[in-house]
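Below is one structure, written out as structure tokens; comments come after it.
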Amino acid sequence: MVECFLSRIQDKLILLIGWGRIEGGSIFVFSILFGTIRVNFWGYSTVNYFSPMIRYSSAGIHNCGHDAINEVKLLIREAHKRGIEVLMDVVFNHTAEGNENGPILSFRGVDNSVYYMLAPKGEFYNYSGCGNTFNCNHPIVRQFILDCLRYWVTEMHVDGFRFDLASIMTRGSSLWDALNVYGNPAEGDSLTTGTPLSSPPLIDMISNDPILRGVKLIAEAWDAGGLYQVGMFPHWGLWSEWNGKYRDIVRQFIKGSDGFSGAFAECLCGSPNLYQEGGRKPWNSINFVCAHDGFTLADLVTYNKKHNNANGEDNNDGENHNNSWNCGQEGEFASISVKKLRKRQMRNFFLCLMVSQGVPMIYMGDEYGHTKGGNNNTYCQDNYMNYFRWDKKEESLSDFFRFCCLMSKFRQECESLGLNDFPTAERLQWHGRTPGMPDWSKTSRFVAFTMVDSVKGEIYVAFNTSHLPIIITLPERPGYRWQPLVDTSKPAPFDFLSNDVPERDTAVKQYSQFTEANLYPMLSYSSIILLLCPVDENA
């Protein structure tokens, strides 16, 4: 499982990798009916926190595992040579030892009551959804976590961490009180185990550690116990968050749900409603539409419901609320018109990511339209559901992959799409179907804005998520004319009119009767980017 962050910071690509899985501890499930073997392919059941999963290395257990460590170091070194930062996906919310009936592999045998959140009769609290909860804010446990993080930075040279179910790290430990945590008693300071803390000691220590405060820290700001902290995670001005609200709002608006135009506009601005008041910046928002957990981008527009039967749990596992839309027919076998709409929706989602303030995160394979057949919880699939399909990527070179490459390049070229602070009215103006008159009503399915850009001059971006086509009026700029660059309703290569597109000038002229009148026709479920160009009086 790999996810990539297109980082605004230093314009570096960032690779997120898995780590520290228990050697030989993967969970196997045998299916007699289908003759398949399911394996805990993602990992996420850690015990050996200071070692890489040697199953992922070519060296395996050769040289007592030292060669596997060297492989990781080589990977990180070569990534750095190419300007790619490497972040580790770390799991400090639970271990592979399960609940009170689970195996004794490590921590339970050392000191069960220290390393896990326990109820009075010895039952395990399960805020992780995996049987146990790591007792993160106990003094011994948090020192263990800090030592581990420092090791991966100083010895392996990773550039930061994404913390799985990070909200668990803000919960009070078992037997929480000032004496237990700080060494000093304080009357009335006892809290119930698992109570969320406004200033959790572990997060405080990480944020102020001389080594760790210099790397990227990204929180998945929720847990399986119902604690949801997106926009409210204790951050010390350093922590970024997986913006789950961005994911949910963008999915709803792009598929045409009512009541999301205003919230969608906040997402385009880097979610200042979540991060500005607390003193954070747009780059504290990790924007994403899809991740390893859930539908891929292609499946998001192909399935209304999850199809997880291959996991052997009677389709009971995985998220039920996906905010997906199959565009009219369920599954990959659909009419030509439905397939065209799906491609359009994929382009809409990707364009939205690329024009939003904050850090866009793209799930591996989405750039070519990878499908998992509607399975939104492929943790146990060691097969083509999770593998990167190079053959499929090559097939899409002239279509969606090209669009993604060009949109990524466009974002990098635009100074205004990776701002250090939230955009203000000095450079950002909102529009409706007529200039300067945005529609934030509950039934609005149109959002548009212009952005002053020091490189491009000015760009116009619009989203029409209605089922009806419209003709919009563009802002007047005397001496200039709006020229189409991106229109997701067009087939490749005319969806992105790069300079190498055959008959590009002809394609642009087809719109001249509209643009000369400051108009532009938009099909249903489409988005556009227009550039402001000076009028050639001699043309």
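Below is a table of values for the structure above.
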| read-out | value |
| --- | --- |
| Which listed residue is of a type in the set (Val, Ile, Thr) and farther than 21 Å from residue 524 by Cα, from 455, 486, 461, 447 | 455 |
| Test: residue in region 230-243 that is assigned to a helix (DSSP H, G or I), in contact with a strand residue (DSSP E or B) (Cβ under 7 Å, 6 or more places away or on another chain), open to solvent by less than 30 Å² (accessible area, probe 1.4 Å) and touching a residue at least 24 places away in the same chain (Cβ under 8 Å) | no |
| Residue check for residue 436: in a loop (DSSP other than H, G, I, E, B) and within 25 Å of residue 500 (Cβ to Cβ) | no |
| Residue 306 vs. criteria in a loop (DSSP other than H, G, I, E, B), among the basic types (Lys, Arg), touching an Asp or Glu at 6+ places or on another chain (Cβ under 8 Å) and at negative phi | yes |
| Members of region 474-530 found to be polar (S, T, N, Q) and under 29 Å from the mean Cα position of the chain (by Cα), listed by number | 488, 489, 498, 524, 526, 527 |
| Given (1) touching a strand residue (DSSP E or B) at 6+ places or on another chain (Cβ under 8 Å); (2) at pLDDT below 95, index of the condition residue 178 fails | (1) |
| Matching entry among 262, 256, 279, 270 (being closer than 21 Å to residue 524 by Cα, in contact (Cβ under 8 Å) with a residue 24 or more places away in the chain, small (Gly, Ala, Ser) and assigned to a loop (DSSP other than H, G, I, E, B)) | 256 |
| Total residues in region 71-127, condition touching a residue at least 60 places away in the same chain (Cβ under 8 Å), among the β-branched types (Val, Ile, Thr) and open to solvent by 60 Å² or more (accessible area, probe 1.4 Å) | 0 |
| Test result for residue 528, in a strand (DSSP E or B), surrounded by fewer than 19 Cβ atoms within 10 Å (Cβ to Cβ), out of contact with any Lys or Arg (no Cβ under 7 Å at 6 or more places or on another chain) and on the phi < 0 side of the Ramachandran plot | no |
| Restricting region 373-383 to residues that are touching a His at 6+ places or on another chain (Cβ under 9 Å) and open to solvent by 10 Å² or more (accessible area, probe 1.4 Å), the residue that is nearest to residue 313 (Cα to Cα) | 379 |
| Scan of region 477-491 for residues that are surrounded by fewer than 17 Cβ atoms within 10 Å (Cβ to Cβ) and assigned to a loop (DSSP other than H, G, I, E, B), ordered by number | 478, 479, 491 |
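The values are calculated or read from the model by the stated rules, or taken from the named source; none is laboratory data. This one's a predicted model, so the numbers in the text were calculated from it and none came from an experiment. Note that each Cβ is placed from the backbone with ideal geometry, even for glycine, and that neighbours are counted across all protein chains shown. Surface areas here come from the heavy atoms of the whole protein model, side chains and all, with no ligands, DNA or RNA. Shrake-Rupley method; radii C 1.70, N 1.55, O 1.52, S 1.80 Å.
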